[in-house]
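Peer 1: Take a look at this one; I'll ask things after.
Bear in mind these aren't lab numbers, they're just calculated from the coordinates by the rules spelled out. These numbers were taken from a predicted model, which means no experiment stands behind them. Cβ placement follows ideal geometry from the backbone for every residue including glycine, while neighbour counts extend to all protein chains displayed.
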Amino acid sequence: MNARTLAPTAIALATTVLVAAPALAATLSGTVKDKQTGRPVANARVTVVGPDRRAEVKADGSFSLDGLKPGTYPVKVEAPGYLPLVIGKVSFSDARPVQLNASLKVGTLSAPTQVVSGDRPARLAQTETSRRSFTAEEVRKVAGARNDPILAVTNTAGVNAGGFSGAPVVRGGGPNDNRYYLDNIQIGNPFHFGGLVSVFNANTISKVDLYTGALPARFGNVKSAVIDVESRAPKTDALHGVLDANLLYAEGLVEGPVVPGLSFSLSGRRSYMDFLVAKLVPSFTVFPRFSDYQAKVSQQTPGDGRLDFLAIGSSDALALVLPDGTIGRGVGSISQDDGYRSTGATWRQPIGDGASNRLTINYQEPFQNVKVGTFLDISSNQFQWTIADDVVAQLNDAHQLRTGVRYDTINYLERRLQPKLPPGTNPSTIRPEDIDSLPKLSTDTTGNQKVYGAYVEDAWKVAQPLTLNLGLRYDRLQSTGEDKVGPRLGATWRMDEDTTWRLGYGQQFQFPEVSQLLPGVGNPKLTAPFSRDYVVGLDRQLTDNLLGKFELYHRDLLFLVTNDPFSNFSNEGSGYSNGAEATLELAETAGWSGSLALTYSRTFRQNPRVGHIPYDYDQPLIANLNMVAPKAWDWSPSLRLRYSSGRPYTPVTGRIQKPDGTWAPVNGTNNSARYPDGLTWSARVERPAGMFGREGLFYFEVTQQREALAIDYGKDYANYANPTYNYGIPAIPYIGYQLRF
């Protein structure tokens, strides 16, 4: 089947599925509230056991589930910090909707519910400092996030993303200092083109947890932040799907049961700006494109266990086609392809009263290929195997133990292919047409890295208002024989029903990349950089619908890897970051909800070659305002405002003329100047718009960004005293339609 016939066939098939899919049946809706205070429990989950349908409770305490098959099933209501509630028999029919208003009591999580759900233990979650959680519904409503779970977390206090990049920069760390997980599987590069959009499909996620400091002991080989994404189980009642198309890309999702106890989901996405640009502007030769996929197969196992198979992958491509020889030595085009492929399995299984085990096996392969015409071809690949095992056990009313081990082995291969020039040949004398006839020289650079990790942490309820989290983590890098041990400590004191104090301390180590340790191109004597976090926080329920959060932190950064003219890399870098973060969160009130996040921080770096300077991502003041407004004429609006101090840069303070007549810049002190402050606003509106009797959604977003990205000093640096700032694209429209069946 060729491309011309494939598209109409696919449209016809999708239409047939939409029309033929069974109509929605029974519905379940209601509220979940705190039994003592009557306040909404916004982080609760309602599960209809049997069909295994779940609903996340919204900020106002409400939830809704549709498409349920008629029948009688148990319904389970859970939330961190509350006793689970199980209603043994609830009858569903297509004749009337079922209303359920649940009230939860504060308490510890009972063993049976804990091991079946696979959720994080409630008591451990209460002691985790600097953690923020987002549901899929919250992600969708964030204006400017383009329905992306990672872009949504950049609205959080302590998190920043410079320019148009979505890669988070957290509490003085860099973009490469974070770790990303999907269902306990580490995702090496979760972004397209460095941060334009992440690879995570918002239609498949259950929630996103962001840890910004004093990390729990279960997270290793990371020194800044962790973004932990949990995907939901595929639907089991019938075949469902999502079709979504917007100006940037199109995506689809299909999920449903295979046989009783076995279900699947499959999603994919591809950008099409390269198609549009090629048609509209044939002479334009830069065609960026990206694609990704995500697949999950979920199998129930005996004893209330579950086995999940997960595959995820992405690909980015960028090419610049030039007339042969335009930039010298036969370069007719420049292209870059990068991405990764990952496959893994996770088995969750109860192992007795109050205990459960999670086994994870994963293989992933990040890759990058850069071509410069016929002159240079560089391919880089990593081949990584991971096995991890985690156990959670409720020992008694006072202790909940979590322990685990992890093993990673990484093989690195870089292959460089270029023409082999005759001895004594001046490369500048080689004509472009002669390059293809030259023999090729292939050079391989290889390396291996093995990392062992183990941890233990105990959530100890010392007294009714006081809980301690005592953790210890051990990591070993086999190639260098380096052993690292870091304490992870936390405390939570519930002073009264409206006030909670939190303390956190942690040492987090992150081993150098494989390429940085290779002889010749790296330094095998590098040691692991690490961070040391101190955090104190206060949560205060100001009113029934308004929650205030405040945190102070200090982070030391030691043995940072820096470029070294003698050994390629060295551990001569250090740094620190101080900050204060304040957040107000408004639960839904008369249709209004939102948050205000303020961060004031300073971040510095130091090494013998540059001295003590502001860090590249040092932006002292960042303010984020997010608001969701009441519906008006079926339109649901949301707004985001973001102010940020300008990033530092090294200015050009003069120029000198070289003997050949060209001009060279004279640079000032490193990072001694700043870009202008940035201001960004984003607006989003969405409206129900069904088709074929199915649920649909029309949405429109626009982002107006006033943030300098580069500096223009003019020809020959003549305007070094009065440079101009380049701001990039001033407005980004984002319009699309989503159809569910």
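Peer 1: Applying the Karplus parametrisation 6.51 cos²θ - 1.76 cosθ + 1.60 with θ = phi - 60° to the phi angles of segment 629-642, what ³J(HN,Hα) value in whole Hz is obtained for each residue in order, glycine and proline being reported as x?
Peer 2: 9, x, 5, 9, 6, 6, 8, 10, x, 8, 9, 9, 10, 9
Peer 1: Please list, ordered by chain and number, the residues whose modelled amide H lies under 5 Å from the amide H of S672; skip anything fewer than 5 residues away on the same chain.
Peer 2: The answer is Y649.
Peer 1: Within the set of other residues whose C-beta is less than 12 Å from the C-beta of A161, count the net charge using Lys and Arg as +1 and Asp and Glu as -1.
Peer 2: That works out to 0.
Peer 1: Still on this structure, please answer the following. In a shell of Cβ-Cβ distance under 14 Å around H192, excluding H192 itself, what net charge do Lys and Arg (+1) and Asp and Glu (-1) give?
Peer 2: -3
Peer 1: Note down the relative contact order for segment 240-740 as a percent, whole number, built from C-alpha pairs under 8 angstrom at least six residues apart.
Peer 2: Once normalised by length, the contact order is 7 percent.
Peer 1: Between F569 and residues 5 or more places away or on another chain, which pairs have amide H atoms under 5 Å apart, with H built 1.01 Å from N, and which residues are they?
Peer 2: Those qualifying (amide H under 5 Å, at least 5 residues apart or on another chain) are N523, D564.
Peer 1: What dipole magnitude, in Debye to the nearest 20, does the chain give about its Cα centre under +1 on Lys/Arg Cβ and -1 on Asp/Glu Cβ?
Peer 2: In total the dipole reaches around 360 debye.
Peer 1: If you take the square roots of the eigenvalues of the alpha-carbon gyration tensor of segment 134-185 and sort them as a ≥ b ≥ c, do you get rounded (a/c under 1.5), prolate (a/b over b/c) or oblate?
Peer 2: Taking the square roots of the gyration eigenvalues as a ≥ b ≥ c, segment 134-185 is oblate.
Peer 1: So for each of 253-264, 290-301 I average, over its residues, the number of other beta carbons within 10 Å; can you give me the resulting order with the highest mean first?
Peer 2: Descending mean neighbour count gives 290-301, 253-264.
Peer 1: While we're on this one: Students often check this: by mean Cβ neighbours within 10 Å, which of 504-512, 577-585, 649-657, 673-681 ranks highest, and how do the rest follow?
Peer 2: 504-512, 577-585, 673-681, 649-657
Peer 1: Tell me which of F134, G453, P730 sits at the most positive position along the dipole axis of the chain, charges placed on C-beta atoms (Lys, Arg +1; Asp, Glu -1).
Peer 2: It is F134.
Peer 1: Now a separate question. Pull up all non-local amide H partners of S64: gap of 5 or more, or a different chain, and H-to-H distance under 5 Å with H placed in the peptide plane.
Peer 2: For S64, whose amide H was placed from the backbone, there are no distant partners under 5 Å.
Peer 1: To the nearest 20 Debye, how big is the dipole of segment 26-107 about its Cα centre, given +1 on the beta carbon of each Lys and Arg and -1 on that of each Asp and Glu?
Peer 2: The calculated dipole for segment 26-107 is roughly 180 debye.
Peer 1: Pop out the ³J(HN,Hα) list for segment 405-411 in order, Karplus 6.51 cos²θ - 1.76 cosθ + 1.60 with θ = phi - 60°, rounded to Hz; leave Gly and Pro as x.
Peer 2: 9, 8, 9, 10, 10, 10, 9
Peer 1: Now for a different question. So for K420, K33, fewest C-beta neighbours within 10 Å to most, what's the order?
Peer 2: If I rank by nearby Cβ atoms, fewest first, I get K420, K33.
Peer 1: Still on this structure: Below 9 angstrom from the Cβ of T346, what's the summed charge of the other residues (Lys, Arg +1; Asp, Glu -1)?
Peer 2: That sum, taken over residues with Cβ under 9 Å, equals +1.
Peer 1: Rounded, prolate or oblate, given the Cα gyration tensor of segment 240-740, with a/c below 1.5 counting as rounded?
Peer 2: rounded
Peer 1: I'd like to compare 632-645, 379-392: which one has the highest average count of other Cβ atoms within 10 Å, and what's the full order after that?
Peer 2: The peptides rank, most packed first, as 379-392, 632-645.
Peer 1: Same structure again: Compute the helix-to-body angle for 3-20: its Cα long axis versus the longest principal axis of the chain, expressed 0 to 90° and rounded to tens.
Peer 2: Taking the Cα atoms of the chain, the angle to 3-20 is about 10 degrees.
Peer 1: Residue by residue through segment 136-152, what is 3J(HN,Hα) from phi via Karplus (6.51 cos²θ - 1.76 cosθ + 1.60, θ = phi - 60°)? Round to whole Hz and write x for glycine and proline.
Peer 2: Values, residue by residue: 4, 5, 5, 4, 5, 8, 6, 5, x, 8, 6, 6, 10, x, 7, 4, 5 Hz.
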